[in-house]
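Read-outs: derived from the displayed coordinates by stated rules, not from any lab. Bear in mind that the values here come from a model prediction, so they are computed numbers and not experimental data.
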Amino acid sequence: MARSPSSLLSLILIFTLSMLHSAHCKTLKRDVKALNEIKASLGWRVVYAWVGDDPCGDGDLPPWSGVTCSTVGDYRVVTELEVYAVSIVGPFPTAVTSLLDLTRLDLHNNKLTGPIPPQIGRLKRLKILNLRWNKLQDAIPPEIGELKSLTHLYLSFNNFKGEIPRELANLPELRYLYLHENRLTGRIPPELGTLQNLRHLDVGNNHLVGTIRELIRIEGCFPALRNLYLNNNYFTGGVPAQLANLTNLEILFLSYNKMAGVIPSSLAHIPKLTYLYLDHNQFSGRIPDAFYKHPFLKELYIEGNAFRPGVNPIGVHKILEVSDADFLV
């Protein structure tokens with residue numbers, strides 16, 4: 001049925017008014033102030049692309065590079081800040097923690113120093129926090145555990161020290177946790193096993209201690225875990241048979257630790273196990289025959305152990321390379 005001219009005019013008028021409303025929305029003063037403080041602290045490499053006073057754009061000028069805004073009621077707010085690989089030097093910009101509507105904060109591959117401020121816990125809507133490849137120091141603030149919407153946490157390739165905060169177990173939506181290449185000490189909190197959505201846990205290349213048995217002691221732990229990287233630490237003890245309860249495991253990386261004992265045959269019954277790295281530990285005995293019949297196992301590294309003669313590796317042993325980008329889903 002055809003619309004009357006008057007109804008078409010009404011639709012055009014409503015559309016025009018909505019566009020004018022959107023164009024004249026002001027950016028929340030809180031966000032304008034915070035972004036201008038960040039602009040003042042980040043240096044010329046960013047400033048040259050951040051033109052004008054309004055980070056969301058003012059009609060004549062576009063939004064600042066790396067800044068994404070959304071309209072909420074009569075105002076615009078900053079929802080994403082992505083300023084990476086531009087050699088930012090200096091401390092973490094605390095003004096970021098005033099951008100209370102942020103869902104993504106990506107400052108990776110810069111030269112940020114000092115600690116992450118505890119005020120990071122104010123960003124309740126944050127889903128992705130990417131600070132990898134910086135020079136950040138001190139302890140990982142437990143306040144990150146207040147970011148209940150967080151799904152991706154990238155803190156790898158920094159200089160964090162101290163223990164992994166058990167407060168990270170308070171992040172119900174967390175899927176990917178990257179803590180490798182730091183100076184973390186102590187044990188992995190077994191409370192992380194209660195994270196129902198955690199798929200990827202990488203704590204490789206730190207100074208962590210403890211045993212796998214301690215890590216998986218909570219019944220029903222790590223129900224969704226696919227990839228577990230414990231390599232290049234100081235873990236001891238054996239591989240417990242209960243590890244086979246992690247039925248979604250695909251990658252298990254235990255290389256370069258101080259683990260010992262025999263490899264339980266139950267591990268060969270993890271249905272999707274694809275990569276198993278046991279090399280450079282103190283394992284002994286035989287590799288159960290079931291591993292050699294596993295339908296998905298592509299790589300089994302065994303060198304640098306005390307296995308009995310005749311134990312053979314599996315696969316061509318190319319170095320596994322997994323990009324962080326593979327997990328940004």
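Couple of notes before you dig in:
- Two-decimal Rg to Rh for the stretch 97-250 - Kirkwood Rh, Cα set: 0.96
- Largest first, the three principal axis extents of the alpha carbons in the stretch 96-177 are 26, 25, 21 Å in whole numbers.
- The Rg/Rh ratio of the stretch 154-237, with both radii computed over alpha carbons and Rh defined as the Kirkwood radius, is 0.92.
- Cut-off under 5 Å, modelled amide H: who pairs with Gly261 long-range: Ser284
- Binning the alpha carbon pair distances of the stretch 33-125 at 10 angstrom intervals from zero yields the distribution 16, 53, 27, 4, expressed in whole percent.
- From phi via Karplus (6.51, -1.76, 1.60), per-residue ³J(HN,Hα) for the stretch 278-290 in Hz, x at Gly/Pro: 10, 5, 6, 10, 10, 5, 9, x, 10, 8, x, 4, 4
- For the chain, modelled as a GNM whose springs connect Cα atoms under 10 angstrom apart, the maximal fluctuation among Ile287, Ile144, Ile188 occurs at Ile287.
- Computed log₁₀ I(q)/I(0) - Debye formula, equal Cα scatterers, no solvent, the chain, q 0.13 Å⁻¹: -0.95
- Placed amide H near Asp138: partners under 5 Å, 5+ positions off or other chain: Lys161
- Between helix 5-23 and the chain there is an angle of about 70 degrees, using the helix long axis and the longest principal axis of the Cα atoms.
- Residues whose amide H lies under 5 Å from that of Leu208, counting only those 5 or more places away or on a different chain, are Tyr234; hydrogens are built 1.01 Å from N in the peptide plane.
- Candidates Gly204, Gly73, Gly90: whichever shows maximal mean-square fluctuation once the chain is modelled as a Gaussian network with Cα springs under 10 Å: Gly73
- Centroid-to-centroid separation of the stretch 144-208 and the stretch 214-261 [C-alpha atoms, Å]: 15
- On Cα atoms only, tilt of 29-42 relative to the major axis of the chain in degrees: 60
- Across the cross-link table entries Lys124/Lys298; Lys26/Lys161; Lys33/Lys127; Lys127/Lys293; Lys161/Lys258, which are compared at the Cα atoms, the separations over 32 Å belong to Lys124/Lys298; Lys26/Lys161; Lys127/Lys293.
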